[in-house]
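All remarks here apply to the structure that follows.
The values are calculated or read from the model by the stated rules, or taken from the named source; none is laboratory data. The structure displayed is predicted, hence computed values, not measured ones. Neighbour counts are summed over all protein chains in view; Cβ atoms, including those assigned to glycine, are modelled from backbone coordinates with ideal geometry.
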Amino acid sequence: MTNEWAEFKAYTDQPTYTAVRKTDTTYLGRFTFDMITDFSGFGRILTIIARGYLFHDKDGAALAGNPYDRIDVARKALCAWCSVPDKKKSSEPPVDFRELSADYPELVDANGNGWYYRHIKSVIRFVKANPDKVSKSAYKKCADFPTGFTAQWKKKVRQLQVPIFALNTKGAWTLRFDDIIADALEAGVLRMEDYPLSETVSKQIEATDTKGVPKEVVAELIRYYLANKSDDTDWVVLPVANFDAYYGNNNLSKKWLAKIPNALIVKENSHGICRFKVVLTN
């Protein structure tokens, strides 16, 4: 999770649809079924994508010049990634961005299938074609999944385009492209390496009873905290849904997070937001 360039590539490269055992969720990529059905974690996903196009070339090298001059590039990239084929060409805001396929072939094809829409359809096809390689739960979810998905995603894509100061907008999903790009500009270039822990911190983790939570999971959370902590607060927002996707299951949110002792990490939940702080001596 601290290597943000690897995360960007996971959201923009061609996924690998494979599984070697029923518990293997490689075919989902950096998503879980919960994220797909309730759209959780998309704030981070879209911000990572925007940062990639604002600050980096296709090989990851930092771009020269003012990133504010590339806001339109990033916005078009977000539109392309979110694109859904739509026969109603006059729908407003639009959801079909096939006209961007020449400039963003990695994100949308000539038929308007955006990266995310293609990915979900490919996941469903893979699961249905390989019932012996996926869990019964995954197979059932994909069997029931297609109903209404396209309509729901179109609704989300339209909501993403609502201007910040628009009147009488529905607040069911207040995430907007404008907010995403603003957050991306503030966050800056993508981190391209893992954050190393000091020997002192590593020893404290090893010496602490983590109540059955894998030590490496605790270490990864602490690396994320140290890499993202700002100078004006001791708290860092924890993108729980994205961490679940990183591990390929819901163990962090459903099992591990509550067990991690306060001697290592203090958690706080409010209004659906989880934030945490590390109390170790660096």
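Filtered by the rule that a residue be over 27 Å from Glu186 (Cβ atoms), out of contact with any helix residue (DSSP H, G or I) (no Cβ under 8 Å at 6 or more places or on another chain) and not in a loop (DSSP other than H, G, I, E, B), the range 197-243 gives Glu199, Thr200, Lys203, Gln204, Ala207, Glu216. Filter the range 177-196 down to the residues that are modelled with pLDDT of 95 or more and not in a helix (DSSP H, G or I), then identify the one that is farthest from Asp72 (Cα to Cα). Only one residue tops the list, namely Met192. For the range 63-111, the candidate set comprises residues that are in a loop (DSSP other than H, G, I, E, B) and among the acidic types (Asp, Glu); within that set, the residue that is surrounded by the fewest Cβ atoms within 10 Å (Cβ to Cβ) is Glu92. In the range 241-255, the residue that is farthest from Leu46 (Cα to Cα) out of those that are surrounded by fewer than 21 Cβ atoms within 10 Å (Cβ to Cβ) and not hydroxyl-bearing (Ser, Thr, Tyr) is Lys255.
In this structure, Arg30 does not satisfy being assigned by TED's automatic domain parsing to the domain that holds Leu175 and without any contact (Cβ under 8 Å) to a residue 24 or more places away in the chain.
Filtered by the rule that a residue be under 23 Å from the mean Cα position of the chain (by Cα), within 16 Å of Thr26 (Cβ to Cβ) and not in a loop (DSSP other than H, G, I, E, B), the range 121-136 gives Ser122, Val123, Ile124, Arg125, Phe126, Val127.
Each row is one residue, and each column tells you yes or no for (1) among the charged types (D, E, K, R); (2) more than 23 Å from the chain's Cα centre (by Cα).
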| position | (1), (2) |
| --- | --- |
| Phe165 | no, yes |
| Arg176 | yes, no |
| Leu185 | no, no |
| Val201 | no, yes |
| Thr210 | no, yes |
| Thr233 | no, yes |
| Ala241 | no, no |
| Gly248 | no, no |
| Trp256 | no, no |
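Residues in the range 119-136 that are polar (S, T, N, Q) and under 21 Å from Leu107 (Cβ atoms): Ser122 alone. Per this entry, Tyr17 is not counted among residues that are part of a helix (DSSP H, G or I) and either within 21 Å of Tyr225 (Cβ to Cβ) or in contact (Cβ under 8 Å) with a residue 60 or more places away in the chain (or both).
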